[in-house]
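The values are calculated or read from the model by the stated rules, or taken from the named source; none is laboratory data. This one's a predicted model, so the numbers in the text were calculated from it and none came from an experiment. Every residue, glycine as well, gets a Cβ built from its backbone with ideal geometry; the counts of neighbours run over all protein chains shown. Just the protein is used for accessible areas: all its heavy atoms, side chains included, with ligands, DNA and RNA removed. Shrake-Rupley method; radii C 1.70, N 1.55, O 1.52, S 1.80 Å.
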There are 4 protein chains.
Amino acid sequence: MPEEAWGHWGKEDERGALNYIGTQEVMRATRLVKTGEVVSLAQPLSPETPVPNHRAPMQHFMQRDGGDYAAGGKRPGGFQFAEDTVVMALQFATHIDALCHAWHDDKLYNGFPSTGTRSTTRAVRCGVEKMGPIVTRGILLDVLDDGQPLAKGTAVTRERLRQSAERAGISVSQGDVVLIRTGWIETMLADPHYYDGEPGIDVEAARWLAEAGVAVIGSDNFAVEHIPFPQGSVFPVHQLVIRTYGIPLLEGLVLAPLAAKGVSEFLFIATPLPFIGGTGSPLVPAAIL
Amino acid sequence: MPEEAWGHWGKEDERGALNYIGTQEVMRATRLVKTGEVVSLAQPLSPETPVPNHRAPMQHFMQRDGGDYAAGGKRPGGFQFAEDTVVMALQFATHIDALCHAWHDDKLYNGFPSTGTRSTTRAVRCGVEKMGPIVTRGILLDVLDDGQPLAKGTAVTRERLRQSAERAGISVSQGDVVLIRTGWIETMLADPHYYDGEPGIDVEAARWLAEAGVAVIGSDNFAVEHIPFPQGSVFPVHQLVIRTYGIPLLEGLVLAPLAAKGVSEFLFIATPLPFIGGTGSPLVPAAIL
Amino acid sequence: MPEEAWGHWGKEDERGALNYIGTQEVMRATRLVKTGEVVSLAQPLSPETPVPNHRAPMQHFMQRDGGDYAAGGKRPGGFQFAEDTVVMALQFATHIDALCHAWHDDKLYNGFPSTGTRSTTRAVRCGVEKMGPIVTRGILLDVLDDGQPLAKGTAVTRERLRQSAERAGISVSQGDVVLIRTGWIETMLADPHYYDGEPGIDVEAARWLAEAGVAVIGSDNFAVEHIPFPQGSVFPVHQLVIRTYGIPLLEGLVLAPLAAKGVSEFLFIATPLPFIGGTGSPLVPAAIL
Amino acid sequence: MPEEAWGHWGKEDERGALNYIGTQEVMRATRLVKTGEVVSLAQPLSPETPVPNHRAPMQHFMQRDGGDYAAGGKRPGGFQFAEDTVVMALQFATHIDALCHAWHDDKLYNGFPSTGTRSTTRAVRCGVEKMGPIVTRGILLDVLDDGQPLAKGTAVTRERLRQSAERAGISVSQGDVVLIRTGWIETMLADPHYYDGEPGIDVEAARWLAEAGVAVIGSDNFAVEHIPFPQGSVFPVHQLVIRTYGIPLLEGLVLAPLAAKGVSEFLFIATPLPFIGGTGSPLVPAAIL
């Protein structure tokens, strides 16, 4: 496996590490199901769901509702219904970052020019609609500190990941979705400082996962990597993982209910909404135990 | 199984027929996977995605993009990124109807008053956030007419469904998600008259499925049932299926690629976004073969 | 002039006290212009413009911009352009409350049932589109306390208004737009507690203005009336002024620049956007000196 | 008066020809008022208001309404209220084009680089918030053909404007807002082909107005200039008027009611909403007769 994924799946590839998931990986994953229990890893979505300062909260409007009928609205043939509309950032709550979301030097993953992402065109390359449904083995790496949530800024190192996997008796392998539990979201989500910083993986930990051929990296924080960043760098894990290795990130995961099951590997499913040219998608990843 | 589902899962139940899916049904479904192929059943989402006249098209805005950097935007630490926001009806494209979406006589499924669905509160009962991820056996009932799409208004009867199941060598059973292929979406989606009417199941066909204990009914049209309706009724299948039996509907499915695989049963997954009080959710149902 | 305005301009009237402005009032007002200076009384509009907690900030999206061209966008015939979209509450920043905005006992001004205002229909009675452009005499009543802004909760009484008018040598008369300066907005707008309370007129002051036949009452705070309210009442001035007298309110005015001119009467203009069934409209009231 | 306005009001000027309106022009205009009648020149705003194909219709959502109370919503202290939110393009219905709306060769009016208009910053130069309220003499140039609306594509020439002014006994002068009536909007607004083309001024007519020092040019069509354009050019009047002369355009005016008054000059008012960095603003221009 090359250190860099560019060209690895052809010059026109826009799916990156998701290509590691083939039918073999799907088969392997479905065979992990032992109890049939399904665990959602997603936050509920509402105007109260936290967002970082530079984004607006979700808005949710009813266009027709029970109040209309209570106020005398007609019900032809007795039929009544309700419908609604949302205004929502695609990088909202539990979501996946598409490969067009982050880059440097004006080039996206696989060398596509970032000038293809515009107000008028949206992302012509590496948009979230290129991903397709994700079905593969999921593994949970719990890196809590003796059961305590990690503190803001804590760097989760490669060694820490390795030890966590060892404790769980699993090894990270090609096509896996790796979910890293720091405890940040359940400790801090209700806190106004949730978005001020977070514990998360560092660059070497990210590289270790990338070199193992993982398909997706996720965490129970808002940006997967630790914040504050190492001095002089800005979102270095995003840059490395998304652009160099073509690995999408899963952010805002709710992992405590999964951790409570005591299961480290499972059938993982996640289906990004195929917004054409979108930079990501809210979604509901789930573990099937 | 009672003809009516009200009270069947308790007075406070808001999940209806999804309760038919237990861990046994999940286990049974995962064992159907034979090749590991994953087939998306969803339409892509964009401002061009068709909507009925009474709803507005989706809007999709970039808030930061490659154009900003081309125009001289700063890139602290070299980091560049893009993000975006959508304005979108929840009953949009390929989506699921929550149990709060349709009713009559001011009562939702299980007797909840429809006055709980308001502009200010949204749906306090039977919102889409109550559903959870859906993982179960999916079955495809292809009711095309000798391979030809059904004409607008064609009623797909119980007998037609029964014959289709027989041809496929499967029988509808409790906890299944049943997908009915009429050919309407691929024939008509690009046509301005797509939403003027459609072929679809009639009330007796719906009742037959409901009495078999299906968890969800879906189709490759915009409202599952045939339109025009039988004289004197308005969305009779919605009324019966959603309100009486507590069965959510899946609308706007793309079924031709699945039909092309020649497989009639499969592991079905669909994960509605948990909008608190939402009437439905765009989603990406998928078949794992 | 009756104490209550219902029926005063006919059973179908939806314009209330704006009816006091006839061509005579317009003529009288235009004759007040002495220097030709025009002073805007509006806040600028942006995602940073403060909103109360229960409303979402404005969002403003570019759909085409200079970045698109910098990124290589085509310019047929050399032509380049930019365009944009906003998501905005109508009760936002400097705005006018339409007569459908506030009521009690399920009846709007003039007895129209409030059930005519629904998600599906919006306000069928007393919507902001019924107002038309407002052109009349404006008068500024400065009620600062020796030049100091009033404190939160201060009730501006009828006597205080009367004295202010006396000092200015003017008397409130029929068809006037009365602007009351408390100093709240310039003291507090940048403060996160801006919306927690405010100085403003009390019920008797409001009644005094209403009985004088004013067409509109405005102030440099967010709700015209003092908050906290007198014990046991909720928005009593809104209830009295809007519903009983049919007088629209102007909220969020910027009055310091006008006060600095030392002019107490002027030609006042304000043109609500005619949103059909809207509860109000952001606008730019202006004084022509 | 220079042929080009760049630099005419200083290198930092962002208001262009609106600078022609000084206090003298305001005084002159207010003296034109003879009857006190006020005529709105704006279209009503609703989801039904026509928009060109590349823009989305306005959306208008109630967030609280009479239906909520009919459904049992609480009314603390008896108080009831309604509020709402719109999603709306700023180039919508009757609106003004800010000087950042149109340009060529990557330079806006007065030489500002168009790269200052981005998704992240919006227009840092020549945004609609720089305009301020517009109060000046308005003149109506009726160019109908013997009372008949002009046909699609008809070029309204300088000579035609000159003759219309002559017939009305007025001459275009510095600081005027000139409103050109073609009859297009009342003939065609309800027609699905309204936006396919239009009659309007040609480049020479525009130059004639610009050289006379007009402050704003408006018309009762969607783009002021005739469409189809002369071969080889794209929006040539926009390019000349907005960028070269710094003259904002008023589009989508409703002029028939004004024309019916038989008055050719009047006090004109229009107050663009000050969206920071906005490319334009819906507004309600009005004539005071």
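Which members of segment A:192-214 meet the condition of being open to solvent by 10 Å² or more (accessible area, probe 1.4 Å), in a loop (DSSP other than H, G, I, E, B) and over 23 Å from A:Asp146 (Cα atoms)?
Result: A:Pro192, A:His193, A:Ala212.
Checking D:Glu3 against (1) at pLDDT 95 or above; (2) at negative phi, which test does it fail?
(1)
For segment A:50-68, give me each residue that is small (Gly, Ala, Ser) and part of a helix (DSSP H, G or I).
A:Gly66, A:Gly67
Going by what's in this entry, would A:Val234 be described as closer than 28 Å to A:Ile21 by Cβ and of a type in the set (A, V, I, L, M)?
no
Among the residues of segment A:82-116, what is the count of those that are in contact with a Ser or Thr (Cβ under 8 Å, 6 or more places away or on another chain) and either among the aromatic types (Phe, Trp, Tyr) or over 30 Å from A:Val241 (Cα atoms) (or both)?
Selection size over segment A:82-116: 6.
What is the number of the single condition among (1) buried (at least 19 other Cβ atoms within 10 Å of the Cβ); (2) at the interface with another protein chain (Cβ under 10 Å from one of its Cβ atoms); (3) farther than 23 Å from D:Arg31 by Cβ; (4) not β-branched (Val, Ile, Thr) that D:Tyr245 does not meet?
Single failed check for D:Tyr245: (2).
Checking A:Gln163 against (1) over 15 Å from A:Leu41 (Cα atoms); (2) over 16 Å from the mean Cα position of the chain (by Cα); (3) open to solvent by less than 30 Å² (accessible area, probe 1.4 Å), which single condition isn't satisfied?
(3)
Looking for something more than 30 Å from A:Met58 (Cβ to Cβ), at pLDDT below 95 and surrounded by fewer than 18 Cβ atoms within 10 Å (Cβ to Cβ) - is there at least one such residue anywhere in segment C:78-95?
For segment C:78-95, residues more than 30 Å from A:Met58 (Cβ to Cβ), at pLDDT below 95 and surrounded by fewer than 18 Cβ atoms within 10 Å (Cβ to Cβ): absent.
Would you point out which residue out of C:Lys152, C:Lys107 is at negative phi, surrounded by fewer than 24 Cβ atoms within 10 Å (Cβ to Cβ) and under 20 Å from the mean Cα position of the chain (by Cα)?
Unique residue meeting the criteria: C:Lys152.
Conditions first: (1) closer than 29 Å to A:Glu186 by Cβ; (2) open to solvent by less than 20 Å² (accessible area, probe 1.4 Å); (3) out of contact with any His (no Cβ under 9 Å at 6 or more places or on another chain). A:Asp146 passes all but one, so which condition is the exception?
For A:Asp146, the failing item is (2).
With respect to D:Ala5, determine if the residue is within 14 Å of chain A (Cβ to nearest Cβ), open to solvent by less than 40 Å² (accessible area, probe 1.4 Å), in a loop (DSSP other than H, G, I, E, B) and among the aliphatic types (A, V, I, L, M).
So D:Ala5 fails the test.
Test D:Ile217 against the stated conditions and say whether it is away from chain C (no Cβ under 13 Å), part of a loop (DSSP other than H, G, I, E, B) and surrounded by 24 or more Cβ atoms within 10 Å (Cβ to Cβ).
no
Go through segment D:39-58 and report how many residues are facing another protein chain (nearest Cβ under 7 Å), open to solvent by 30 Å² or more (accessible area, probe 1.4 Å) and under 17 Å from B:Ser46 (Cα atoms).
1
Tell me, which residue of segment D:248-278 that is more than 19 Å from C:Leu273 (Cα to Cα) and open to solvent by less than 20 Å² (accessible area, probe 1.4 Å) is farthest from the other protein chains (Cβ to nearest Cβ)?
Ranking the qualifying residues of segment D:248-278, first place goes to D:Pro248.
Take the residues of segment C:13-38 that are open to solvent by 20 Å² or more (accessible area, probe 1.4 Å) and of a type in the set (Asp, Glu): which is nearest to the other protein chains (Cβ to nearest Cβ)?
It comes out as C:Glu37.
Test each condition in (1) closer than 30 Å to D:Ser46 by Cβ; (2) within 14 Å of another protein chain (Cβ to nearest Cβ); (3) open to solvent by 40 Å² or more (accessible area, probe 1.4 Å) for D:Phe229 and report the one that comes out false.
Condition (1) is where D:Phe229 drops out.
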